[in-house]
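Colleague: Below is a structure I'd like to ask you about.
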Amino acid sequence: MGLFDRLLRRTGAAQTPEALAPALLAHQAAQAGRDARALLDACAFVAVDTELTGFDPRRHALVSIGAVRLSGLSILPGASFSSLVRPPGAVPRDASLVHGLTASGLGDAPEEAAVLAAFLDFVGDAILVGHHIDLDMGFLNAASRRSLGGPLVAPCIDTLRLAMAFEEKRLVAGGRAGEAESLDYSLPALCRRYGLPEFAAHDARADALAAAYLFVFLARKCGRGRPLTLDGLWRAGRTWWR
């Protein structure tokens, strides 16, 4: 596995075209031909966040998807996506207490197939970015398999891993390596630590915007003022993946 692929995990798998919905076929076509040597400033990114009925993609479901588009390392004002999703079953009370969404309130929301198709159209050729993105992709892929015939193929960058790599390097350089594991790596805590804008928690679009700001901050730190490629982004954070 190459350096680029180790940072940009491809979550998709080969599928027969006949089994895929048109929205997923269009998504695959838009994502084809990625160049690991491309400069970050020449790439499109979409920061994404989801709200859920629980944490197990086999038993729980999406209730909201929020996303924000970036051109290179610039967040595009007004270029955002937000939609509620009607879940196939109940919304547990403990989940509702977190994000405020209930089954009755989601009764008129669009079904996941329609939301996913619209989300993939918004993503286009972009690389996905998220904080602890494995969780979001687990649910997005499970829903896409159910509704569209297969998983997403967009590569993903995890701001949680980038933050851990950045903090490890910073603390090692300062002779305080042991402090890295005790830091709070939650999205709100990192935004406060780095002086980034803070938004309402547990709102998918707001959390996606926070993740976008965090990604821009960390990518610029990795570049140290120099142009950075996708492959270079992995190299800059290589201590985390050693």
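The values are calculated or read from the model by the stated rules, or taken from the named source; none is laboratory data. All values derive from a computational prediction rather than experimental measurement. Glycine gets a Cβ as well: all are built from the backbone with ideal geometry, and neighbour counts include every protein chain shown.
Colleague: Of everything in segment 99-124 that's surrounded by fewer than 18 Cβ atoms within 10 Å (Cβ to Cβ) and among the charged types (D, E, K, R), which residue is modelled with the lowest pLDDT?
Modeller: Per the stated criteria, the residue is Asp108.
Colleague: From the list Ala173, Ala163, Ala200, Ala204, exactly one residue is more than 13 Å from the chain's Cα centre (by Cα), small (Gly, Ala, Ser) and more than 29 Å from Pro227 (Cβ to Cβ). Which is it?
Modeller: The match here is Ala200.
Colleague: Does Ser144 satisfy being surrounded by 15 or more Cβ atoms within 10 Å (Cβ to Cβ), touching a residue at least 60 places away in the same chain (Cβ under 8 Å) and assigned to a helix (DSSP H, G or I)?
Modeller: So Ser144 passes the test.
Colleague: While we're here: With (1) of a type outside the set (A, V, I, L, M); (2) within 24 Å of Val85 (Cβ to Cβ); (3) free of Cβ contacts under 8 Å to residues at least 40 places away in the same chain as the list, and Gly178 as the residue in question, which single condition is left unmet?
Modeller: With respect to (1) of a type outside the set (A, V, I, L, M); (2) within 24 Å of Val85 (Cβ to Cβ); (3) free of Cβ contacts under 8 Å to residues at least 40 places away in the same chain, Gly178 is out only on (2).
Colleague: Out of Ala165, Ala206, Ala211, report the one residue that is within 17 Å of Leu128 (Cβ to Cβ), in contact (Cβ under 8 Å) with a residue 60 or more places away in the chain and among the small types (Gly, Ala, Ser).
Modeller: One residue alone meets the criteria, Ala211.
Residue-wise test of (1) in a strand (DSSP E or B); (2) buried (at least 22 other Cβ atoms within 10 Å of the Cβ).
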position	(1), (2)
Leu25	no, no
Asp35	no, no
Val46	yes, yes
Gly54	no, no
His60	no, no
Val68	yes, yes
Ile75	yes, no
Phe81	yes, no
Pro88	no, no
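Colleague: What residue, of Leu183, Leu190, Leu162, is out of contact with any strand residue (DSSP E or B) (no Cβ under 9 Å at 6 or more places or on another chain) and modelled with pLDDT of 95 or more?
Modeller: Of the residues listed, the single one that is out of contact with any strand residue (DSSP E or B) (no Cβ under 9 Å at 6 or more places or on another chain) and modelled with pLDDT of 95 or more is Leu190.
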